[in-house]
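The values are calculated or read from the model by the stated rules, or taken from the named source; none is laboratory data. As the structure is a prediction and not an experimental result, all values here were calculated from the model. Note: ideal-geometry Cβ built from the backbone for every residue, glycine included; neighbour counts use all protein chains shown. For the accessible areas, the whole protein counts, side chains as well, though only heavy atoms, and no ligand, DNA or RNA atoms are used. Shrake-Rupley method; radii C 1.70, N 1.55, O 1.52, S 1.80 Å.
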Amino acid sequence: MNFHLTIRPVLFVFQLFGQFPLQGILRTDPLRWRFRWCSVQTVLCVLLEHVGLFLCYIEYDRLMVIGVNADNLIGPLFYLDVMIIMVLLLKVAHQWPSVVAKFQQVEALETMQYDAQRHRRQGGRRIRTVALLLTFAGFAEHMLSIGKTLYAKVDEARVCHWNYTNLPEYYGLRTYGFFFHRVPYNFPTLIVLEYANTALTMAWTVQDVLIIMISDAITGYFERINERIQFYSTVQVVAKEKFWCDIRSHYVVVCELLEQVMAIVSPLLVVSCGTNLYLICYQLFHIVEEQKYLVYTIFAYFSLLCVITRAFLTMHYCAAVHEVARKPVQMCRRIPSHSWCSELQRFYDSTRKNSIVISAMGLFNITKRTMLTMLGAVITYELVMLHFAKTTEKQGIIKECSETEFSYEPKMESS
């Protein structure tokens, strides 16, 4: 099972959106993957972060004009959140070459070589499919968001009897009005803004997919060790001491890999949990309130489904590491006493006493119980958001046919 060759197509898709800027991912040898500040991938990532910073200021300035409510607060929070995610992804990419050798060390272990072809084929196909489906769903969600915004703006022009001859210009000036107050409108700028918004939005999906792929790989390594234990626990092992010594050393190497990787990725996991919690509450808020357009309702339900699926899979794959890593304790207890030896006893004691779990910077551990805790937090914060929406229901509302967000006075249709 080669983890880096499995995720290589997914990383290529990430780089189309300026995420995870590693150079040389098309090479089959992951040791040749490098992070360089002076590369197209890194420059694109840094440029997107600056665009996000500018748009965050634009959103802040817009709220200072129209007012703040529970709905439009997502504007500056969105850009602030995705900029933090992109900085963390940039940090992970910068430090990633240091863990490639550790992955290869684990994959070269003798325990990982048994039936490796089947595991590589089944495991690689499964996680690649999950990753690409989640990435496509995140992209489809954003395209649907653009579609519902365009539909709303066109319908508003019809209701308000506004005349426009250039649909992209009308859409750009209406959607990015506060931006085009400062920059003269032109179509290439609109394309850059839409690409930047798409790339920044995909950061939500990229962080979760990256965590899922890493968790699945480490879970697979522990499963391979468990398979060897399961096989040899049912037969008479001639060299018992050597077998259990190898199992214990291989188990320690995988644990070291988990510790080394999570030292890099755990800040991203903290942001992922917080982001998914807020997005679930935000989309539930939109489902509770009455929607003006059918396309808004479709988008709200589809977006809620995407974020819940993404959050659930992230928590599930992270929690699976703990479940699989603890399984040898139960398996060792079923071994007959006459088959025990000193090395087996050492392996059993170390596995039982040590808690192998994915930790979010030591703030909390990801287990199945954490998923229930997050569900309770969703209910609590949803009530807080509904209360905030009630107290700000008359603020931040742009009246229909308002010219507030235009950078020019809209022309009326001739009667």
Can you name the helices of the chain, as whole DSSP H runs, whose Cα span along the helix axis is 27 Å or more and whose Kyte-Doolittle mean is not below 1.6? 74-95
With the 1.4 Å probe rolled over protein heavy atoms, the chain has an accessible area per residue in Å² of 49
Labelled set (1) 24.8; (2) 21.2; (3) 22.9; mean projected area of the Cα convex hull in nm² computed from this model equals the value at (3)
For the chain, which cysteines have no disulfide-compatible partner, meaning no other cysteine Cβ under 4.7 Å? 38, 45, 56, 245, 255, 273, 281, 306, 318, 332, 341
Per GNM of the chain with C-alpha springs under 10 angstrom, the most fluctuating residue out of 41, 19, 260 is 260
Given charges at Cβ of Lys, Arg, Asp, Glu: the chain dipole, positive-most of 217, 280, 72: 217
Debye, to nearest 20: dipole size of segment 3-392, +1 on Lys, Arg Cβ, -1 on Asp, Glu Cβ: 1100
Run the accessible area of segment 11-82 with a 1.4 Å probe and give the carbon-and-sulfur part as a rounded percent. 69
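Would you mind counting up the charge near residue 97? Only other residues with Cβ under 10 Å from its Cβ, with Lys and Arg at +1 and Asp and Glu at -1. Numbers along the way, then the final one.
Working: positive: 32, 34; negative: none.
For residues surrounding residue 97, the net value is +2.
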At 37 °C and 0.692 mPa s, what whole-number value in µm²/s does Stokes-Einstein give for the translational diffusion of segment 119-203, with Rh from the Kirkwood sum over Cα pairs? 215
